[in-house]
Amino acid sequence: MNATTQNQISSKMHDYRNHLKTISDGLVEMAKASGRNDYSINTLLRECYNLIGKKLHTFDEWKEQNCSIRKGEHAYLFWGKPKETADGKRYCPVMFLFSEDQIKVNTSQATA
């Protein structure tokens, strides 16, 4: 991958992180204002995206289940499990998840 492509990807990921941080901060403020203290940020995101009770998986996880994402669908942004960089900094990666409403089950046709 050339340097220009890497910079574009890095910039896009930075944009995704900032967008998700803004949404998350707002949801946490709303939860606190309403007196809630029994939440996780990803639970608040599920509620915001109206995905309570729906299966969520990554692109690869759906692919392993013989499913594909319908054309035109966009991933929902969630926070991944905390990770640590080589220099000891902790961060939460952005996860791209799709709901069961966005997939189609691939039917395989056996050829004889």
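The values are calculated or read from the model by the stated rules, or taken from the named source; none is laboratory data. From a predicted model like this one, the values you see are computed outputs, not experimental measurements. Every residue, glycine among them, receives a Cβ derived from its backbone with ideal geometry; neighbour counts consider all protein chains shown. Note: areas computed on protein heavy atoms with side chains; ligands, DNA, RNA excluded. Shrake-Rupley method; radii C 1.70, N 1.55, O 1.52, S 1.80 Å.
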For Ser99, Ser40, Ser34, Ser108, give the ranking by accessible area with the largest first, probe 1.4 Å. Ser108, Ser34, Ser40, Ser99
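Looking at the P(r) of the chain, how many percent of alpha-carbon pairs lie beyond 23 Å? Intermediate results must be reported in sequence, preceding the final value.
On the way: 2799 of 6216 pairs.
Above the 23 Å cut-off, the chain has 45 percent of its Cα pairs.
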In nm, to one decimal, how far is the Met13 label point from the Ile69 one, both placed 7 Å along Cα→Cβ? 1.6 nm
Taking a probe of 1.4 angstrom, what is the accessible area of Glu29 in Å², to the nearest 10? 130 Å²
Which ³J(HN,Hα) values in Hz, rounded to whole numbers, follow from the phi angles of segment 74-80 under the Karplus curve 6.51 cos²θ - 1.76 cosθ + 1.60, where θ = phi - 60° and Gly and Pro get x? 10, 6, 8, 8, 9, 8, x
Length gained if Met30 through Thr5 is fully extended, taking 0.36 nm per residue and subtracting the Cα-Cα distance, is 5.2 nm
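Exceeding 31 Å between C-alpha atoms, which entries from my cross-link table qualify? They are Lys54/Lys89; Lys32/Lys63; Lys32/Lys81; Lys32/Lys83.
On the way: Lys54/Lys89 33 Å; Lys32/Lys63 38 Å; Lys32/Lys81 23 Å; Lys32/Lys83 26 Å.
Beyond 31 Å: Lys54/Lys89; Lys32/Lys63.
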